[in-house]
Amino acid sequence: MVEGHPELKDSITELMAKVPSLKQRLAGKSIPLEKYVVRKSNKFASQEGRLIVPALELLYIWNSFPMIAKSRELTENILCRVNNEFSSLEDAKDIENKPLDDYCLILLLRGVCYTSLNRHMQAEDCFREIISCEKRIKEDIYLVPFAMSELALIRIKLSDPAEAKDLLESARHNYHRYPLETILHFRVHSILHQLRAKGQAPPTLPQVDSFSLPRSLSQQRRGYP
């Protein structure tokens, strides 16, 4: 976070410590994005003043990668940065019971970059690995449903709307009460709109449960308490 500017570390640590006290409530409810930021500030403290690629994570959350994709050079530069982080985290999956939140975040960003570069098979591998690592994601639950939405976009590009719809249904209905849920729902709605425009999705989706999904997607419903 302070690469090249170690003199800023104390200031950043002080500011991050203030974040939880700044959270507001509207009509008695917390603002979802603020809840996400508070969780990140707590994670920053628990990891001794370190977050992995926080700027890139925010760019993803704000859906900036479609715009970044217009520049192949910029996308490749981001992918290079992400791959450098991946190399330092890859061994984590071999350590039993070690949380894989950071590893899966890097996989998500890596997959999005591959998608932007039309390297769809490599992108699919990233997103499917995130889904397979679900039980080892402890805090950043949003990674799994967002990976499903990204994988759905690829399946649409590869003319597989049936799997895309299954993925979107699972992402929207099987994960609840995490800070970025509203953003995910907007994205799913947008993708479904694309499918409907092509006549590949019903006007409305039925409520589904894990028993109506393919076995690979029959994940336990998850969410923050």
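The values are calculated or read from the model by the stated rules, or taken from the named source; none is laboratory data. Please read these numbers as outputs of a predicted model, since none were measured by experiment. Heads up, the Cβs are rebuilt from the backbone with ideal geometry, glycines too, and the neighbour counts pull from every protein chain shown.
Mind checking which residues of the range 86-104 are at pLDDT 90 or above, under 19 Å from E139 (Cβ atoms) and in a helix (DSSP H, G or I)?
Scanning the range 86-104 gives L89, D101, D102, Y103, C104.
Output the residue which, of all residues in the range 28-54 that are of a type in the set (S, T, Y) and buried (at least 16 other Cβ atoms within 10 Å of the Cβ), is nearest to V112 (Cα to Cα).
In the first step, residues of the range 28-54 are kept if they are of a type in the set (S, T, Y); the result is 30, 36, 41, 46.
Next, only the ones that are buried (at least 16 other Cβ atoms within 10 Å of the Cβ) stay: 36, 41.
Working: Y36: 21, S41: 25 Å.
Within the range 28-54, the match that is nearest to V112 (Cα to Cα) is Y36.
Report, ordered by the first and then the second residue, all pairs with beta carbons closer than 7 Å, sequence separation of six or more or different chains, a first member in the range 128-151 that is at pLDDT 95 or above, and a second member that is among the polar types (S, T, N, Q) and buried (at least 20 other Cβ atoms within 10 Å of the Cβ).
Within 7 Å, the pairs are M148/S170; E150/T115.
Whether any residue in the range 165-172 is touching a Pro at 6+ places or on another chain (Cβ under 9 Å) and among the small types (G, A, S) is what I want to check.
Checked against the condition, which is being touching a Pro at 6+ places or on another chain (Cβ under 9 Å) and among the small types (G, A, S), the range 165-172 yields at least one hit.
How many residues, within the range 10-49, are over 28 Å from S149 (Cβ atoms) and of a type in the set (K, R)?
Of the residues in that region, 2 qualify.
Considering the range 55-77 alone, what residues qualify as being over 15 Å from L117 (Cα atoms) and aromatic (F, W, Y)?
Y60, W62
Kindly indicate whether R25 is surrounded by 13 or more Cβ atoms within 10 Å (Cβ to Cβ) and among the basic types (K, R). Working first, answer last.
Values: surrounded by 13 or more Cβ atoms within 10 Å (Cβ to Cβ): no; among the basic types (K, R): yes.
Taking the combined requirement at face value, the residue does not satisfy it.
Of the residues E7, E76, only one is part of a helix (DSSP H, G or I), modelled with pLDDT of 95 or more and not basic (K, R); which?
Details: E7 fails: modelled with pLDDT of 95 or more.
Residue meeting the stated conditions: E76.
If we scan the range 136-148, do we find a residue that is of a type in the set (K, R) and over 28 Å from E34 (Cβ atoms)?
So in the range 136-148, the residues of a type in the set (K, R) come out as 136, 138.
This time we only want the ones that are over 28 Å from E34 (Cβ atoms), so: none.
Taking every residue of the range 136-148 in turn, none turns out to be of a type in the set (K, R) and over 28 Å from E34 (Cβ atoms).
Does any residue of the range 15-25 turn out to be out of contact with any helix residue (DSSP H, G or I) (no Cβ under 7 Å at 6 or more places or on another chain) and among the charged types (D, E, K, R)?
yes
Looking for something out of contact with any Phe, Trp or Tyr (no Cβ under 6 Å at 6 or more places or on another chain), among the charged types (D, E, K, R) and over 29 Å from E96 (Cβ atoms) - is there at least one such residue anywhere in the range 181-188?
Yes; the residues of the range 181-188 include at least one that is out of contact with any Phe, Trp or Tyr (no Cβ under 6 Å at 6 or more places or on another chain), among the charged types (D, E, K, R) and over 29 Å from E96 (Cβ atoms).
Just need a number here: residues in the range 162-200 that are charged (D, E, K, R), surrounded by fewer than 17 Cβ atoms within 10 Å (Cβ to Cβ) and in contact (Cβ under 8 Å) with a residue 60 or more places away in the chain.
Initially, the range 162-200 is screened for residues charged (D, E, K, R), giving 163, 165-166, 169, 172, 177, 181, 187, 196, 198.
Filter again for surrounded by fewer than 17 Cβ atoms within 10 Å (Cβ to Cβ), leaving 177, 196, 198.
Checking the rest, the ones that are also in contact (Cβ under 8 Å) with a residue 60 or more places away in the chain come to none.
So the count comes out to 0.
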